[in-house]
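Some notes on the structure that comes next.
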Amino acid sequence: MASEGHTAARGYRLLRCSTCYLPPDGCICAYTPTMHTLAQFWLLMHPDEYRKPTNTARLIGASIPHTRFFPWYRTTPPAELIALLTDRQFAPYLLVPQGDVTLFKHLRERPWLPDRVPAFVLLDGTWSQARKMLHRSPYLQGIPRMAIQPDIPSTYRLRCQHCVQHLSTV
């Protein structure tokens, strides 16, 4: 189960649900809603995230049927993602803590561009990995950066957050 050059994730020998990747007694698939939206969600995943049992990005894919996952490698940019980023059919936004909060706040106040589908690019990895992915990926540099500013602090406790803007992928 471990990828070449990487160690196996903690708990990799446990029997797991193939969708949520949690142990059968903790499976949340029955509680995962299916959401239909025109917006696209494109997740750029650090290689170490694929095998993490606590990976929350899988929940986006389980909830939003047309979510796309792209592996991130420093030396091999994801050609399919790069093609989508330049496709005039889409209006991509990079969702990062240091993005423009007003872009997200005004989504309900103004309609989307009628001829372009909004596409949210999320970096899936630890905060250190996501920072490297952002800075080492020239194809991400020209995308408008959007941020979510939570009204209340996150109660997510599975992983530690170093500041209030740091949220899990979901």
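Here are a few things to note about the model shown:
- Within the range 81-105, restricting attention to residues that are in a helix (DSSP H, G or I) and within 11 Å of Tyr139 (Cβ to Cβ), the residue that is most open to solvent (accessible area, probe 1.4 Å) is Thr86.
- Filtered residue count, the range 71-80, keeping only those that are buried (at least 18 other Cβ atoms within 10 Å of the Cβ) and either free of Cβ contacts under 8 Å to residues at least 60 places away in the same chain or part of a helix (DSSP H, G or I) (or both): 1
- When the residues of the range 27-66 are filtered to those that are open to solvent by 30 Å² or more (accessible area, probe 1.4 Å) and not in a loop (DSSP other than H, G, I, E, B), the one that is nearest to Val121 (Cα to Cα) is Phe41.
The values are calculated or read from the model by the stated rules, or taken from the named source; none is laboratory data. Keep in mind the model is a prediction, meaning the values are calculated, not measured. Methodologically, a virtual Cβ is constructed for each residue, glycine included, from the backbone with ideal geometry; neighbour enumeration extends over all protein chains shown. Just so you know, the surface numbers come from the protein's heavy atoms only, side chains and all, with ligands and any DNA or RNA stripped out. Shrake-Rupley method; radii C 1.70, N 1.55, O 1.52, S 1.80 Å.
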